[in-house]
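The values are calculated or read from the model by the stated rules, or taken from the named source; none is laboratory data. Please read all numbers here as calculations on a predicted model, not as lab measurements. Glycine gets a Cβ as well: all are built from the backbone with ideal geometry, and neighbour counts include every protein chain shown. Ligands, DNA and RNA are stripped out before the accessible areas are found, and what is left, the full protein with its side chains, is counted by its heavy atoms. Shrake-Rupley method; radii C 1.70, N 1.55, O 1.52, S 1.80 Å.
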Amino acid sequence: MQGTNTESDEFFERVGDEFTKETGAKLNVEMVQWADAHDRFVTAIAGGTTPDIAETGTTWTAEFAESGALAPLDDYVTEAGLDGKLVEGLVEAGTLDDTLYGMPWYAGVRSVIYRTDIFEAAGIAVPTTWAEFQAAIETLKTSNPDIIPFPVAGDAEQLTYPWVWGAGGEVATKKGDTWTSGLDSAKSQAGIKFYTDLALQHGSSTSGATTWKETDVLDNFAQGKVGMAVMGSWTPATILDKNPELEGKIGSFPIPGQTSGISPSMLGGSHLSMFESSKNKDLAWTFMSMMTTGDFATEWASQSGYFPGETTALDATVANADEITQAFATQMVDGGASLPVTPKFGAVQAKKTTNTMIQSILSGEKTVEQASADAAAEMTDILNKK
């Protein structure tokens, strides 16, 4: 996917050379936009034009596996001696009906990135509770009236879930064969209200952010317009690439818990998946193994700001992490969470159920209670469709 690693062109040149040296085969890597990828995969699957391998987002793998498009990987993993040596959260997300279809490649998690220079000048301590987080916003408004203290982005579902989980709510749970969304529970509503009230009651955001995606949050932060924001572990390198003047002026901290600890954040990232239609499965596995274990996997994680999908590489990355990365590592280890593992969750995301809920609250169209009830009903319906 484009944008994951700013050094990807040079990286894949070296990977291609090594792959040809090892196998005699030629590697052809095509980069695609995240925003287009899901629909392109669906079209390719329907038309029988799939590649040998593709990067699949962790919430897509089960969907494509259920369609019969992906090849099982368990035998390859076992033969390579990798059983029990892959990051469990990524294994879980890549597994459908006890069969692995997504090889853990890299993991990312969202925490808070902030302007250390602005915080220091205003005497703001790193928040450790929601009350302290809210107080930091109030101080930022006073000390730096020209910046957005904390944008509440309407078109960015992953920025909503930490407040749902942090309040003790759930996105959706399964009992028997039935999924039920928990977005309309009292706890979830409390988390959603806290998050949206930061904008509506405390002036932390801007009306324009109602339509912002995560990329908009990143761009505005890089332009020096934002004091702090929930962003991914992969974004600091991109921020500095866009604005080198912020070098030494940014830091990170885990998303605070409601009264203590950490509010969970989605442990996301990507798998590498092999298509069932591939006529080069052994070659495909050689490439997948090269990318997800060993030096190339560690290097990709280092360049992109993600964490490796192999546990030994992950441990080494965490041990050697710089100060910014360390906060994300803490979030990942102590506050990583998973979205519902079901082939239908991709359809929920395509429908933008959570985003629509947040936007309707921010725009004043619906109350938290109305919006969350509507979102929960829609999510439950989609998750249980046959």
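Residues satisfying the criterion are absent from the range 365-383 (criterion: open to solvent by 10 Å² or more (accessible area, probe 1.4 Å), closer than 27 Å to residue 236 by Cβ and assigned to a helix (DSSP H, G or I)).
If you go through the range 288-340 and keep only what is part of a helix (DSSP H, G or I) and β-branched (Val, Ile, Thr), you end up with 292, 298, 311, 312, 317, 318, 324, 325, 330, 333. Among the residues of the range 111-160 satisfying the criterion of being free of Cβ contacts under 8 Å to residues at least 60 places away in the same chain and hydroxyl-bearing (Ser, Thr, Tyr), which is farthest from residue 360 (Cα to Cα)? Filtering first and then ranking leaves 143. Selection of first residues in the range 62-75 that are at negative phi and of second residues that are open to solvent by 50 Å² or more (accessible area, probe 1.4 Å) and in a loop (DSSP other than H, G, I, E, B), restricted to Cβ pairs under 7 Å at least 6 apart or on distinct chains, gives the following pairs, ordered by first then second residue: 62/341; 69/276; 70/276; 71/276.
One line per residue, one yes/no per condition, for (1) within 24 Å of residue 329 (Cβ to Cβ); (2) hydrophobic (A, V, I, L, M, F, W, C); (3) open to solvent by 30 Å² or more (accessible area, probe 1.4 Å):
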position	(1), (2), (3)
227	yes, no, no
253	yes, yes, no
258	yes, no, yes
265	yes, no, no
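Taken over the range 239-251, the criterion of being farther than 20 Å from residue 7 by Cβ and surrounded by fewer than 18 Cβ atoms within 10 Å (Cβ to Cβ) is satisfied by 245, 248, 249.
Taking the conditions (1) under 30 Å from residue 346 (Cβ atoms); (2) loosely packed, with under 15 Cβ neighbours inside 10 Å in turn, residue 125 satisfies each one other than (1).
Against the definition (under 30 Å from residue 245 (Cα atoms) and open to solvent by less than 30 Å² (accessible area, probe 1.4 Å)), how does residue 119 come out, yes or no? Criteria met by residue 119.
Within the range 50-75, the residues that satisfy the criterion of being modelled with pLDDT under 95, in contact with a helix residue (DSSP H, G or I) (Cβ under 8 Å, 6 or more places away or on another chain) and open to solvent by 10 Å² or more (accessible area, probe 1.4 Å) are 58, 59, 60, 63, 67.
Of the residues 353, 330, which is hydroxyl-bearing (Ser, Thr, Tyr), out of contact with any strand residue (DSSP E or B) (no Cβ under 7 Å at 6 or more places or on another chain), open to solvent by less than 20 Å² (accessible area, probe 1.4 Å) and within 30 Å of residue 190 (Cβ to Cβ)? Outline the logic, then answer.
Values: 330 fails: open to solvent by less than 20 Å² (accessible area, probe 1.4 Å).
It is 353.
Of all residues in the range 87-104 being part of a strand (DSSP E or B) and buried (at least 19 other Cβ atoms within 10 Å of the Cβ), which is nearest to the chain's Cα centre (by Cα)? By that ranking, first place goes to 104. Of the residues making up the range 249-265, those that are polar (S, T, N, Q) and assigned to a loop (DSSP other than H, G, I, E, B) are 258, 259, 260, 263.
Only one entry of 180, 160 meets the criterion of being hydroxyl-bearing (Ser, Thr, Tyr), modelled with pLDDT of 95 or more and open to solvent by 30 Å² or more (accessible area, probe 1.4 Å), and that entry is 180.
Looking at (1) part of a loop (DSSP other than H, G, I, E, B); (2) touching a residue at least 60 places away in the same chain (Cβ under 8 Å); (3) of a type outside the set (A, V, I, L, M, F, W, C); (4) touching a Ser or Thr at 6+ places or on another chain (Cβ under 9 Å), which is the one condition that is false for residue 204? That leaves (4) as the condition not met.
Would a scan of the range 165-175 turn up a residue that is assigned to a loop (DSSP other than H, G, I, E, B), over 18 Å from residue 250 (Cβ atoms) and open to solvent by 30 Å² or more (accessible area, probe 1.4 Å)?
The answer is yes, given that some residue of the range 165-175 is assigned to a loop (DSSP other than H, G, I, E, B), over 18 Å from residue 250 (Cβ atoms) and open to solvent by 30 Å² or more (accessible area, probe 1.4 Å).
Based on what the data block shows, is residue 180 out of contact with any Leu (no Cβ under 9 Å at 6 or more places or on another chain) and among the hydroxyl-bearing types (Ser, Thr, Tyr)? So residue 180 does not fit the description; no.
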